[in-house]
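> Can you read through this structure? Questions will come right after.
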Amino acid sequence: MVKLIEVYENSKGYTLREVYVNPKHVVSLREDVRFRKKLHEGNGMPSELREEHAFTKMTLDKGTTGLEIIIVGSPNIVESKLRHTGRELLNG
């Protein structure tokens, strides 16, 4: 399992929380420019984030459907954290 930081939407805007991901269930990673734009505009994003942050939309295999979550960090950074486990990435 790999610990990452997720941007999570709640009733008051967005917040950050830790999420543990099994790298075997990662289907795809892609940059999410929508969240970067929200950060630059200040649309309810957490104050802990800086304008330099990038965001990755991660798709996880959830059986018959997928689950998409937004992770703080560029796809390259997220991929390197997932690869650090010694397992092959993107089995799917």
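Only the coordinates and a few stated rules stand behind these numbers; no lab work does. Model, not experiment: these values are computed from the prediction. Heads up, the Cβs are rebuilt from the backbone with ideal geometry, glycines too, and the neighbour counts pull from every protein chain shown.
> For M45, what is the net charge nearby, where nearby means another residue's Cβ is under 15 Å from its Cβ and Lys, Arg count +1, Asp, Glu -1?
Working: positive: K12, R17, R34, R36, K37, K38, R50; negative: E6, E9, D32, E41, E48, E51, E52.
Taking every Cβ under 15 Å from that of M45, the sum is 0.
> Tally Lys/Arg at +1 and Asp/Glu at -1 over every other residue whose Cβ is under 10 Å from the Cβ of L16; what's the total? All intermediate terms of the calculation are to be shown ahead of the outcome.
Numbers: positive: R17; negative: E6, E18, E48.
Taking every other residue near L16 into account, the sum is -2.
> Run lengths n ≥ 4 of DSSP H only: what is the helix-derived mean residue ellipticity at 222 nm for the chain, with -39500 (n - 2.57) per run over all residues, to the nearest 500?
About -5500 deg cm²/dmol.
> Taking a cut-off of 20 Å between Cα atoms, list the aspartates and glutamates near K3, but don't count ones fewer than 8 places away on the same chain.
E18, E31, D32, E48, D61, E68, E79, E88
> Also: Could you list which residues have their amide H under 5 Å from that of S28, counting only those 5 or more apart in sequence or on another chain, with H placed in the peptide plane?
T59
> So for the range 2-83, taking the charge dipole from beta-carbon charges (+1 Lys/Arg, -1 Asp/Glu), which of V33, Y20, F55 sits furthest toward the positive end?
Result: Y20, furthest along the dipole toward the positive end.
> Per residue of the range 46-63, in order, report the coupling 6.51 cos²θ - 1.76 cosθ + 1.60 (Karplus, θ = phi - 60°) as ³J(HN,Hα) in whole Hz, putting x for Gly and Pro.
Going residue by residue, I get x, 5, 5, 7, 10, 5, 6, 5, 10, 9, 10, 8, 9, 9, 10, 6, 10, x Hz, with x marking Gly and Pro.
> A further question on this structure: Past 19 Å, Cα to Cα, is the threshold; run K38/K62; K38/K81; K37/K57; K12/K62; K12/K57; K37/K62 against it and keep the listed order.
Values: K38/K62 28 Å; K38/K81 25 Å; K37/K57 14 Å; K12/K62 28 Å; K12/K57 21 Å; K37/K62 28 Å.
Correct reply: K38/K62; K38/K81; K12/K62; K12/K57; K37/K62.
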